[in-house]
Amino acid sequence: MLILFVILFDVPIGLGAFTIVVIMSVLKLSHLEQAINEIPWSPILLISGITVLIGLIAKTGGLMLATDFIAGKTSVSYINTVLAVLAGFVSLYSSSSGVVMPTFINLVPGLLEKFGTGSAKEMIVAINVGSHLVDVSPLSTLGALCIASLEEHDRSKVFRQLLLWGFTMLLFSGLIIYIFLDLL
């Protein structure tokens, strides 16, 4: 129902969700207190905090600083590898689609301008691959949701396994991008 209102009537998703919750509460279609207690608040607060942090970085000129830093420390011949590894590293502890992609893709025009050459398409592919291969890190959105859905006694073991997977994929993504985009 919410999706239809958002698509068909251009209702803001937050306002639509809040309205549906109020209607369901007034009509007693669900138990509000029980529903609120079952919400996984830790991942929600984690994602919200990271989103606020990235927004703050963008508003204070951090993206320009990042562009200058990356362009100053990187050669155009392996920029794709660097972008994949940096995007993957940030994605280890944040949302790939909600935080990393919007932030890093905004760096591409500035990098192209600073280098005077390069491929926007290859840079965006590198960012995409680097950030999404580490997606199940327990510190990122998807991994946090996976951990939150587990029974308490399974969380510690799965946390370590997902963290190892994330760091392994961070290295793997850099290698894959180097081979297919920077080396060839």
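Taken over segment 157-184, the criterion of being surrounded by fewer than 11 Cβ atoms within 10 Å (Cβ to Cβ) and part of a helix (DSSP H, G or I) is satisfied by K157 alone.
Residue-wise test of (1) within 21 Å of the chain's Cα centre (by Cα); (2) modelled with pLDDT under 80; (3) open to solvent by 100 Å² or more (accessible area, probe 1.4 Å).
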{"residue": "T19", "(1), (2), (3)": "no, no, no"}
{"residue": "V26", "(1), (2), (3)": "no, no, yes"}
{"residue": "I47", "(1), (2), (3)": "yes, yes, no"}
{"residue": "I54", "(1), (2), (3)": "yes, yes, no"}
{"residue": "A66", "(1), (2), (3)": "yes, no, no"}
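Kindly indicate whether E33 is more than 30 Å from L162 (Cβ to Cβ) and modelled with pLDDT under 85. Yes, satisfied.
Confirm whether E113 is in a helix (DSSP H, G or I), acidic (D, E), modelled with pLDDT of 90 or more and under 26 Å from K59 (Cα atoms). So E113 passes the test. Residues in segment 77-101 that are at pLDDT below 90, within 20 Å of E122 (Cβ to Cβ) and in contact with a Gly (Cβ under 8 Å, 6 or more places away or on another chain): S91 alone. The condition of being assigned to a helix (DSSP H, G or I), touching a helix residue (DSSP H, G or I) at 6+ places or on another chain (Cβ under 8 Å), open to solvent by less than 30 Å² (accessible area, probe 1.4 Å) and at pLDDT below 85 holds for only one of A126, A144, that being A144. Reported count of residues in segment 88-103, each being open to solvent by less than 10 Å² (accessible area, probe 1.4 Å) and under 11 Å from I50 (Cβ atoms), is 4.
The values are calculated or read from the model by the stated rules, or taken from the named source; none is laboratory data. This one's a predicted model, so the numbers in the text were calculated from it and none came from an experiment. A quick note on method: Cβ atoms are made from the backbone with ideal geometry, for glycine too, and the neighbour counts reach across all protein chains shown. When the accessible area is computed, the model is the full protein with side chains, heavy atoms only, and any ligands, DNA or RNA have been set aside. Shrake-Rupley method; radii C 1.70, N 1.55, O 1.52, S 1.80 Å.
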